[in-house]
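Visitor: Sharing a structure below in structure tokens format, with a few things to ask.
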Amino acid sequence: MEYYNYIKALHLIFVITWFAGLFYIPRLFIYHIEAAQKPEPESSILSAQLKLMTKRLWYIITWPSAVLASVFAFWLLFINPYWLQQDWMLVKLGFVLLLYIYHMKCHFIFKELQNDIFKWTSNQMRLWNEVSTLILFAVVFLVILKNAFNWIYGVIGIFVLAGLLMLGIRIYKRMRNKNPEL
């Protein structure tokens, strides 16, 4: 199993690039939603550029990273099938399933925005943007602690983090209402 660490490293690299895409794509969605509210020709120019940027990010970085992270993950599980008997791994896989669901929902939002369908407000998208952060926290704590019981403390921490993120978003919104340049 000399190659095990190479597979693990590649898995981690593609998880990082996948998350990078999932962190950035909602920010681009926010900018696109806000650009649609600007007067012409600014709205059309910004929308065209943001459509191109999101398309490149989504299809050149995010989707390939998701696929490759998954391929290397399945390979690691094939090499070490006993992990599937570990409670922490089963909980982690539950969070990974949530990540796939989040990814697919982002894909649907991406498709809507590419067709100039705006169902979300920029504030709703700001909240949506934090979902991947919460999943990341849960997965990292599970992988590091490798304990199904201790993950409960992690989940409590995630809810505290979620509350702090929502508070931060509200504070930012108030500041932005006072100073639109922020």
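The values are calculated or read from the model by the stated rules, or taken from the named source; none is laboratory data. Note that the structure is predicted; figures quoted are calculated from it, not measured. For neighbour counting, all protein chains shown are included, and Cβ atoms are generated from backbone atoms with ideal geometry for every residue, glycine included.
Visitor: I'm told residue 62 meets every condition in (1) touching a helix residue (DSSP H, G or I) at 6+ places or on another chain (Cβ under 6 Å); (2) modelled with pLDDT of 95 or more; (3) among the β-branched types (Val, Ile, Thr); (4) over 15 Å from residue 27 (Cβ atoms) except one. Can you identify the failing condition by its number?
Guide: Residue 62 satisfies all of (1) touching a helix residue (DSSP H, G or I) at 6+ places or on another chain (Cβ under 6 Å); (2) modelled with pLDDT of 95 or more; (3) among the β-branched types (Val, Ile, Thr); (4) over 15 Å from residue 27 (Cβ atoms) except (4).
Visitor: Applying the selection to segment 86-115, what residues are modelled with pLDDT of 95 or more and not in a helix (DSSP H, G or I)?
Guide: Hit for segment 86-115 is 115, nothing else.
Visitor: Would you confirm whether any residue within segment 19-28 is surrounded by 14 or more Cβ atoms within 10 Å (Cβ to Cβ), among the small types (Gly, Ala, Ser) and without any contact (Cβ under 8 Å) to a residue 24 or more places away in the chain?
Guide: no
Visitor: Tell me the helices (runs of 4 or more DSSP H) entirely within segment 1-81 that contain at least 3 residues that are aromatic (Phe, Trp, Tyr). Walk me through how you get there before you give the answer.
Guide: On the way: elements: 4-35, 42-56, 63-79.
Output list reads 4-35, 63-79.
To keep it simple, each residue is scored yes or no on (1) farther than 13 Å from residue 19 by Cβ; (2) of a type in the set (Val, Ile, Thr); (3) surrounded by fewer than 20 Cβ atoms within 10 Å (Cβ to Cβ).
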{"position": "91", "(1), (2), (3)": "yes, yes, yes"}
{"position": "94", "(1), (2), (3)": "yes, no, yes"}
{"position": "102", "(1), (2), (3)": "no, no, yes"}
{"position": "106", "(1), (2), (3)": "no, no, no"}
{"position": "113", "(1), (2), (3)": "yes, no, no"}
{"position": "118", "(1), (2), (3)": "yes, no, yes"}
{"position": "122", "(1), (2), (3)": "yes, no, yes"}
{"position": "128", "(1), (2), (3)": "yes, no, yes"}
{"position": "132", "(1), (2), (3)": "no, no, no"}
